[in-house]
Every structure is written in structure tokens, then in C-alpha cells.
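Heads up, the thing below is written out as C-alpha cells.
FYI, it's all coordinate maths here, none of it is from the lab. All values reported here derive from a predicted model rather than from experimental measurement. Neighbour counts run over all protein chains shown; Cβ positions are idealised from the backbone, glycine included.
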Amino acid sequence: MPIDLSLYLVLDPDLCGGSAGMVATAQQAAANGVTVVQLRAPNWKKRQWLETAQQLKAVLAPLNVPLIINDHVDIALAVDADGVHVGQQDLPVAEVRRLLGPNKFVGLSTNCLAQFNEAEAMYQAGVIDYVGVGPVYPTGTKKDASPVLATDEVNTMMINCFLPAVAIGGIQAGKVASLIAQGLNGVAVVSAICGKADVAAATQGLLAEIHAARGNT
Ligand code: TZP
Ligand code: MG
């Protein structure tokens, strides 16, 4: 089954208030329609990764929402997560695929057209399942984010695109429709859900925008 990228939640430990807050956020967001959850915690020790990943797996698996682990293949294997997402400077995707085997999702961040074109070949070769495209807007969440992509460049990526692609970076309520109209399969968000007083309402609002943009309200 291909991955449903419609509304992809990336968890942030600071915005969620630590592990317990991340698990609670993931549970509420998954119960309200997010289609993927990624555990991302750049500064954590492995033990905290493992324990939080186990807890996330326990709340997400019954809801049939895939759990993706950022960077750490060992953690993904240890908790039998659904996949791994890597950036351009992380473990090469061919290694990630070799370690995970054929039945897990592998995602790759792309920040420019050249990386996107390379990713298309990786998708055709069965190495990756999807790409992240971004940042599409300025973001305060990732301090070392690449420069914001020009709309023209995103449009060029989407021409004849067969590679499942999710936009990321600065996506807040009200900024979803144009991305779906450009041909992205979904949107990945951090601060539009993490740390919101009402996670359920934030999730439902974003989903409604996605469905409206696709014309199936
Ligand atoms: N990768 C590119 S931008 C980003 C990541 C993890 C952060 C996006 O956070 P937000 O709060 O949705 O702008
Ligand atoms: Mg990374």
C-alpha cells in the first residue's frame, strides 16, 4: 500500500512539552485524521528515542496510522516502526532501504530541483516511497532549514510528477490549498498542530482545507 501523505504530522519535543506531550499530541491528532506521524527529536539520546517510539507505536498502530522515525534506522527496527525519513546529509537512502527491507516506508527530504530529480530515480528503483519538499514557507521550527523554495521551482517539480510528495515548512491553517493545487499529495506540519491548545480542532481544520482543495469536501 502506498503511504497516504495527506496530513503528515512531524512531532517536536519542545513544542509538545517532552515525550508525554508528544505521545498525547500524536494520539489526539491520529484520532482526528492525521495520516502519518513522524518522531523527530534532533537532540535526544537513544534511550529516550526508543522509549518514546515504543509509546507512539502503541497508540498509533490501533488507529492504523503509520509511525515514521526520523534518521534512526536502529530505532525503527527496534520498535517495528513503519518507516524512516532521512535528509540529504543522513544515511543514504540505499542503505536505509537495505537495512529496513522492502516492506517499510523510506522518505527523503529534497530542498531543490536537482535533489528532487535524483529522488524520482530513487523512487523508480524502489529505494524510496516519497519525498518531502521544502521549506515551502519560512519556518521558525527548524533552525538550520534550507532556503525557502520558489513557487516556480515547486511548480517545475510537480510537472509530470509521479513521485509521492509532501510539502513542509511554515504550513499553517490557510496555507494549504495552493500547495494541493500545485500537485503536492499532502502537507507536513509541526507547529500547526504541536503545542496547539486544541490539537483535535487544529487537525480537523487542516484536513478540511485539504479535502476542500481536492474538491471532495
Ligand atoms: N524540515 C523542513 S522545514 C521543517 C522541517 C522539519 C520544520 C517545519 O515546521 P513548521 O512548524 O511546520 O514550520
Ligand atoms: Mg535528518
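Brief remarks on what is shown
- In segment 27-99, Cα pairs under 8 Å separated by at least six residues give a relative contact order of 28 percent.
- DSSP bridge orientation in the chain - percent antiparallel, rounded to nearest 5: 0 percent
- Choice from Asp12, Asp82, Asp144 showing the highest fluctuation, given a GNM over the chain with Cα pairs closer than 10 Å: Asp144
- Global size of segment 139-187 as Cα Rg and Dmax, reported in angstrom: 11.2, 32
- Kirkwood Rh and Cα Rg combined as Rg over Rh, evaluated for the chain: 0.93
- Three-way shape call for segment 124-213 based on the alpha-carbon gyration tensor, with the a/c threshold at 1.5: prolate
- When restricted to Cα atoms, segment 118-157 yields an Rg and a Dmax of 12.4, 35 Å, respectively.
- Using C-alpha pairs under 8 Å with a sequence gap of at least 6, the mean separation divided by the residue count of the chain gives a relative contact order of 21 percent.
- In terms of surrounding Cβ atoms within a 10 Å radius of their Cβ, Thr35, Thr151 rank from fewest to most as Thr151, Thr35.
- Over the chain, DSSP H runs of length four or greater, each weighted -39,500 (n - 2.57), average out per residue to a 222 nm ellipticity of -12000 deg cm²/dmol.
- Global size of segment 34-99: 11.4, 33 Å for Rg and Dmax (C-alpha atoms, Rg to one decimal, Dmax whole).
- Taking every C-alpha pair closer than 8 Å and separated by at least 6 residues, the mean separation divided by the residue count of segment 51-140 gives a relative contact order of 21 percent.
- Distance in nm between pseudo-label sites at Gln89 and Ala145 (7 Å out along the Cβ direction from Cα): 1.7 nm
- Dimensions of segment 65-141 along the principal axes, based on C-alpha atoms and rounded to the nearest Å, stand at 34, 31, 23, largest first.
- All Cα pairs of segment 1-110, percent lying beyond 25 Å: 12 percent
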